[in-house]
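Before any comments, here is the structure.
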Amino acid sequence: MLFINKESQNTLIKMAVENDSGVSYLCLKIARTFLYPSFLAFNLLMSLYITTFEEEKYPNTIFIKKVLLTPVYGALFILFLPLLIIFLPVRCGILYFRKNHFMVSVKHTTLTESQRLFQNDLIRSGKYKFGIATANLCLMPELASKMNHLINVNYRARKIGEKILANQFFNDEWNSKEMEWKISKNKSQTFTTSNSGDHDRGIELEGNVCTNFPRVDIMAIQEAWSSYHNKTLMKELHKVFPYIVHDAGVHSYSNNAFFLNSGLLIASKHPILAIDFKPFSHFVKHGRVLSNGLLMVKVALGDQKNSGSYVGYVFNTHLQSYQGKDQIIPKQLDEIRAWISQFTERNRRDGDNILFSIICGDFNFDTFSPADKESTQHPIFSEFVDFCRVRAGLDKPWTVGTEMRPEFMLDSPVTTQEGLKKVLEDPVLRQCHIVDADIIEHSKEVIVSGSVKKDEHGNVKLFPEGGRRRIDYILYNKSYPLKVESYSFVTKLAGLTDHIPVAMEFMCEGLK
């Protein structure tokens, strides 16, 4: 029982081989290996002079570290400088001329194979509940990570992977269904399952704050910029996600000055049929050293009972941050609309039954802020549904912000998943730890260093947009209607990133 036809499967395998074990990939791997010592030494050296809000509480420790470690890290960087001079041009050249602007990693285990068979049967039964999540992980070189007031990138990458993995292994609803399926197989019975969610009973569904991720079919990740640390993350993700698209980006002097890729990664439990990446042509400030854009995949979701195949489209993006007075984001949204249309048409095949088309990512604008008015009124919202919003300028009352205040994101109340959940559910505490949705102009000073609004007595001054800067989105195309079963603001990664991940479970109306 195959999810994809042989021709498509061979295409995927060929793509994986070309990307993850081909000659160019081998050369890139060698170059990155020889660059790592200088990369590490430079990051350690410069990180001494970039302090996080948490480190600023201990000025004496900072001073001692500078005095003792600057000579050590400086000497190491000089020692490995020849390797940097030799292999940095090699790395840039390979990335500039590589055939595909992304890499694919495919790894199957006994668990994922069993999961594939169960998924296929459940989809054919017409009762499959899909799940998708998006998370900005701030996994970047240590120097850049500290600029975002987070440290220990490799530790965070491992812990994030473990926490996501745990929720996929230990999901009571899914495990119960899988057990029923195995029993029915052993007894040669037809497998059926019921769906009795609130949505079907006519009750208006509200989102909630959850300590755990639901079971998800696809994970869309942003700010996975460090190829070195991504290996740690992917090692964990591969235990449940056989297909991972990573290292997406177009490298050139004019696009990203050969610095960082897009940081976009998609992990899927379903086979991937087509992939593409497009970089934005409009960007400002630090956008000049990033290859931000749109990562696009078409996934195989199974065979229909009669003929044809179920497929879905997922798009992962990260829009311009701190755009200032420049209206860059609306221009990037224009490009996203065009690329989605082109990708969908180019990869449409006879017999395709499209179940969903979903955009995920860090959009860097919220529904309420005056600075985001043009973005919230963009035509993309006439094609795609944001389940969290009522209209431009107004979110549903149960929504919370997803961008944390850097100064307070490592306070003890928000470093545990239970503690962060309590904070998000309390308007006063939320306003202290989540950025307010009243931004007048996009700037790092306002968004990162903005103060908590208080009255003359020093009490938190509550207002409707307080702590509600929601910038992480999951949008679905109106052309392929969904029945949203749950929408969650997930606190599982508390203390490990500066964003609140979001997740959505849904049923597809096109599933027959």
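Free of Cβ contacts under 8 Å to residues at least 40 places away in the same chain and among the hydrophobic types (A, V, I, L, M, F, W, C), is that true of residue 94?
So residue 94 fails the test.
Examine the stretch 245-257 for a residue that is outside any loop (DSSP other than H, G, I, E, B) and open to solvent by 40 Å² or more (accessible area, probe 1.4 Å), and state whether such a residue exists.
The answer is no, given that none of the residues of the stretch 245-257 is outside any loop (DSSP other than H, G, I, E, B) and open to solvent by 40 Å² or more (accessible area, probe 1.4 Å).
Out of the residues in the stretch 435-450 that are outside any helix (DSSP H, G or I) and free of Cβ contacts under 8 Å to residues at least 60 places away in the same chain, state the one that is most open to solvent (accessible area, probe 1.4 Å).
Step by step, filter the stretch 435-450, then rank; the result is 450.
In the stretch 369-394, which residue that is free of Cβ contacts under 8 Å to residues at least 24 places away in the same chain and assigned to a strand (DSSP E or B) is least open to solvent (accessible area, probe 1.4 Å)?
Looking at the filtered set, the residue picked out is 389.
Going by what's in this entry, would residue 229 be described as in contact with a Leu (Cβ under 7 Å, 6 or more places away or on another chain), of a type outside the set (D, E, K, R), open to solvent by 30 Å² or more (accessible area, probe 1.4 Å) and at pLDDT below 95?
Against the criterion (in contact with a Leu (Cβ under 7 Å, 6 or more places away or on another chain), of a type outside the set (D, E, K, R), open to solvent by 30 Å² or more (accessible area, probe 1.4 Å) and at pLDDT below 95), residue 229 does not qualify.
Being outside any helix (DSSP H, G or I) and either surrounded by 13 or more Cβ atoms within 10 Å (Cβ to Cβ) or acidic (Asp, Glu) (or both) is the filter here, so list the residues in the stretch 78-122 that pass it.
Those that are outside any helix (DSSP H, G or I) and either surrounded by 13 or more Cβ atoms within 10 Å (Cβ to Cβ) or acidic (Asp, Glu) (or both): 98, 100, 101, 102, 103, 104, 105, 106, 107.
Quick one: is residue 423 open to solvent by 30 Å² or more (accessible area, probe 1.4 Å), within 20 Å of residue 452 (Cβ to Cβ) and in a helix (DSSP H, G or I)?
When the stated conditions are applied, residue 423 does not pass them.
For the list (1) assigned to a helix (DSSP H, G or I); (2) at pLDDT below 95; (3) farther than 30 Å from residue 247 by Cα, I need the number of the one condition that residue 127 fails.
Every condition holds for residue 127 apart from (1).
With respect to the numbered conditions (1) over 17 Å from residue 476 (Cβ atoms); (2) touching a residue at least 24 places away in the same chain (Cβ under 8 Å), which one is the sole condition not fulfilled by residue 422?
(2)
Condition first: in contact (Cβ under 8 Å) with a residue 60 or more places away in the chain and either outside any helix (DSSP H, G or I) or in contact with a Gly (Cβ under 6 Å, 6 or more places away or on another chain) (or both). Now tell me which residues in the stretch 409-419 satisfy that.
Within the stretch 409-419, 409, 410, 415, 416 qualify.
Name the residue, out of 386, 350, that is closer than 28 Å to residue 442 by Cβ and either modelled with pLDDT of 95 or more or not hydrophobic (A, V, I, L, M, F, W, C) (or both).
One residue alone meets the criteria, 386.
Could you tell me whether any residue of the stretch 360-368 is more than 16 Å from residue 292 (Cβ to Cβ), open to solvent by less than 30 Å² (accessible area, probe 1.4 Å) and either modelled with pLDDT of 95 or more or part of a strand (DSSP E or B) (or both)?
yes
Scanning the stretch 108-148 for residues that are of a type outside the set (A, V, I, L, M, F, W, C) and under 20 Å from the mean Cα position of the chain (by Cα), which turns out nearest to residue 511 (Cα to Cα)?
Among residues in the stretch 108-148 that are of a type outside the set (A, V, I, L, M, F, W, C) and under 20 Å from the mean Cα position of the chain (by Cα), the one nearest to residue 511 (Cα to Cα) is 131.
Condition first: within 18 Å of residue 271 (Cβ to Cβ) and open to solvent by 10 Å² or more (accessible area, probe 1.4 Å). Now tell me which residues in the stretch 291-339 satisfy that.
Those that are within 18 Å of residue 271 (Cβ to Cβ) and open to solvent by 10 Å² or more (accessible area, probe 1.4 Å): 303, 304, 308, 309.
Could you list, in sequence order, all residues of the stretch 124-153 that are open to solvent by less than 10 Å² (accessible area, probe 1.4 Å), over 30 Å from residue 55 (Cβ atoms) and in contact with a Leu (Cβ under 6 Å, 6 or more places away or on another chain)?
Once the filter is applied, which keeps residues that are open to solvent by less than 10 Å² (accessible area, probe 1.4 Å), over 30 Å from residue 55 (Cβ atoms) and in contact with a Leu (Cβ under 6 Å, 6 or more places away or on another chain), the stretch 124-153 yields only 128.
Looking at the stretch 64-77 only, could you name the residues that are farther than 17 Å from residue 50 by Cα and surrounded by 15 or more Cβ atoms within 10 Å (Cβ to Cβ)?
Selection gives 76, 77.
The values are calculated or read from the model by the stated rules, or taken from the named source; none is laboratory data. Note that the structure is predicted; figures quoted are calculated from it, not measured. Cβ sites come from the backbone with ideal geometry, for glycine too, and all protein chains shown count toward neighbours. Please note that ligands, DNA and RNA were not included when accessible areas were found on the heavy atoms of the full protein model with its side chains. Shrake-Rupley method; radii C 1.70, N 1.55, O 1.52, S 1.80 Å.
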